[in-house]
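**Q** One structure, pasted below without further comment.
The values are calculated or read from the model by the stated rules, or taken from the named source; none is laboratory data. On a predicted model such as this, the values are computed, not experimentally measured, just so you know. Virtual Cβ from ideal backbone geometry, glycine too; neighbours counted across all protein chains shown.
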Amino acid sequence: EMSDEERAFQDRIDEDIKIEPRDWMPEGYRKTLIRQIGQHAHSEIVGQLPEGNWITRAPTLERKMILLAKVQDEAGHGLYLYAAAETLGISRDDMTEQLLSGKMKYSSIFNYPTLTWADMGAVGWLVDGAAIMNQVPLQRTSYGPYSRAMIRICKEESFHQRQGYDIMMKMAQGSEAQKRMAQDALNRFWYPSLMMFGPSDAESVHSAQSMAWKIKMNTNDELRQKFVDQTVPQAEFLGLTVPDENLKWNEERGHYDYSQPDWDEFFNVLKGNGPCNAERLGARQKAWNEGQWVRDGLLAHARKNAARKVA
Ligand code: FAQ
């Protein structure tokens, strides 16, 4: 049964009044937000790696500048999100250590390799496309700092999706070899993109409570269906084929029927066994170790300044 405090809290949520850092909140609400916002922040930071892989090999100066700007935006998104999570009483250092120890997750999608330039198109089109589908409703999420971070992030995310689609367009309208690369990128990124929305509603342990608290605004399957419905016509426009033989418009439902991704593969990637898990965490660990002297120096400087002020 709910306590009076919990009842009053739920009433505020039901009335769409934002919860702010100093407000009372149930411990579960705080924990769930730290988990979700922290995972989201880690995803932005780890998510720089697959695209960072192609910055030095972008085909033109213009493409290089665009990709560089996009990857820098992702660093910025990570920072807004870490700052939002910090308002809940956890430090960024703690979150980073939990990422590195495997206690905190980041999105499964970033454990897949980016093998060709067309993958930069597929990541922008599909991965950012899926990210926006999830993040637009989160602008209305109940926790104020998270909601405000989402509003800023969504503005940049739609540019990211457009730049990806633009690369796909060029490739799909290019030579036979370029078109094959675009199709191959779609083949490899389709199902991992569907997995970004999380397990099926039946397997989603957090959805019911998170939706009651408006930490999440939709179920995983709702957003996955919306993504399929939006993306299939875009693939058709490109003249590419979605790698799903069961994909079919269902007049009665007003939605596409589609095949589920391989959920065994999904849970296996979550356990750390995806193609790039070790490489991604290795890169984050290296950056953390190599930044140690900077953090030490900043702390020593701050301590010295504080001591000087007291004296
Ligand atoms: N990967 O009960 P649910 C981006 C875990 S976009 C890994 O359904 P929930 C932008 C889940 O944590 C990507 N783990 O969980 C970008 C839980 O495990 P736990 C980031 C996943 O939280 C683009 C368990 O499975 N976006 O970075 C995944 O209610 C391009 C059970 O699942 C966000 O994080 C997954 N895909 O729903 C950057 C959006 N799915 O924690 C660079 C905010 C589920 O109990 C380049 N997050 N799990 O051990 C959310 O909306 C939710 O957290 C969901 C999952 C929908 C992801």
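Table: residues versus (1) within 14 Å of the ligand (Cβ to nearest atom); (2) under 15 Å from residue 111 (Cα atoms).
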{"residue": "221", "(1), (2)": "yes, no"}
{"residue": "224", "(1), (2)": "yes, no"}
{"residue": "238", "(1), (2)": "no, no"}
{"residue": "253", "(1), (2)": "no, no"}
{"residue": "269", "(1), (2)": "yes, yes"}
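**Q** Right, here's the next one. Select, from 57, 140, the only residue that is among the basic types (Lys, Arg), away from the ligand (no atom under 11 Å from the Cβ), under 20 Å from residue 197 (Cα atoms) and assigned to a loop (DSSP other than H, G, I, E, B). Working first, answer last.
**A** On the way: 57 fails: under 20 Å from residue 197 (Cα atoms).
That would be 140, the only listed residue that is among the basic types (Lys, Arg), away from the ligand (no atom under 11 Å from the Cβ), under 20 Å from residue 197 (Cα atoms) and assigned to a loop (DSSP other than H, G, I, E, B).
Here's the yes/no breakdown for (1) outside any helix (DSSP H, G or I); (2) more than 14 Å from the chain's Cα centre (by Cα):
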{"position": "99", "(1), (2)": "no, yes"}
{"position": "103", "(1), (2)": "yes, yes"}
{"position": "148", "(1), (2)": "no, yes"}
{"position": "160", "(1), (2)": "no, no"}
{"position": "169", "(1), (2)": "no, yes"}
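**Q** Kindly indicate the residue of region 77-94 that is of a type in the set (Gly, Ala, Ser) and in contact (Cβ under 8 Å) with a residue 40 or more places away in the chain and also surrounded by the most Cβ atoms within 10 Å (Cβ to Cβ) among those meeting that condition.
**A** We begin by selecting, within region 77-94, every residue of a type in the set (Gly, Ala, Ser); these are 78, 83-85, 89, 91.
Subset that is in contact (Cβ under 8 Å) with a residue 40 or more places away in the chain: 83-85, 89.
On the way: 83: 14, 84: 24, 85: 27, 89: 10.
This residue is 85.
**Q** Turning to a different aspect of this structure: Kindly list the number of the only condition in (1) crowded, with 19+ Cβ neighbours inside 10 Å; (2) within 13 Å of the ligand (Cβ to nearest atom) that fails for residue 204.
**A** Failed condition: (1).
**Q** Here is a check on your reading of the model: is residue 51 free of Cβ contacts under 8 Å to residues at least 40 places away in the same chain and in a helix (DSSP H, G or I)?
**A** Details: free of Cβ contacts under 8 Å to residues at least 40 places away in the same chain: no; in a helix (DSSP H, G or I): yes.
No.
**Q** Out of 264, 229, 257, I need the residue that is among the acidic types (Asp, Glu), touching a Phe, Trp or Tyr at 6+ places or on another chain (Cβ under 7 Å) and more than 10 Å from the ligand (Cβ to nearest atom). Which one? Spell out the reasoning first.
**A** Numbers: 264 fails: touching a Phe, Trp or Tyr at 6+ places or on another chain (Cβ under 7 Å); 257 fails: touching a Phe, Trp or Tyr at 6+ places or on another chain (Cβ under 7 Å).
Answer to the check: 229.
**Q** Hey, another quick one. Being in contact (Cβ under 8 Å) with a residue 24 or more places away in the chain and more than 6 Å from the ligand (Cβ to nearest atom) is the filter here; which residues of region 27-47 pass it? Give the steps one after another, and end with the answer.
**A** Within region 27-47, the first condition is being in contact (Cβ under 8 Å) with a residue 24 or more places away in the chain, and the residues that meet it are 28-30, 32-47.
Within region 27-47, 28, 29, 30, 32, 33, 34, 37, 38, 41, 42, 45, 46 meet the criteria.
**Q** I need every pair where a residue in region 95-122 that is within 13 Å of the ligand (Cβ to nearest atom) and at pLDDT 95 or above has its Cβ under 7 Å from the Cβ of a residue that is of a type in the set (Phe, Trp, Tyr) and part of a loop (DSSP other than H, G, I, E, B), sequence separation at least 6 or different chains.
**A** Pairs found: 99/106.
**Q** Consider region 109-148. How many of its residues are surrounded by 22 or more Cβ atoms within 10 Å (Cβ to Cβ), farther than 19 Å from residue 163 by Cα and of a type in the set (Gly, Ala, Ser)?
**A** 1
**Q** Tell me which residues, restricted to region 207-242, are buried (at least 16 other Cβ atoms within 10 Å of the Cβ) and in a loop (DSSP other than H, G, I, E, B).
**A** Selection gives 213, 214, 215, 216, 217, 218, 219, 240, 242.
**Q** Could you check region 1-43 and list, in sequence order, the residues that are within 27 Å of residue 73 (Cα to Cα) and either surrounded by fewer than 11 Cβ atoms within 10 Å (Cβ to Cβ) or modelled with pLDDT under 95 (or both)?
**A** Selection gives nothing.
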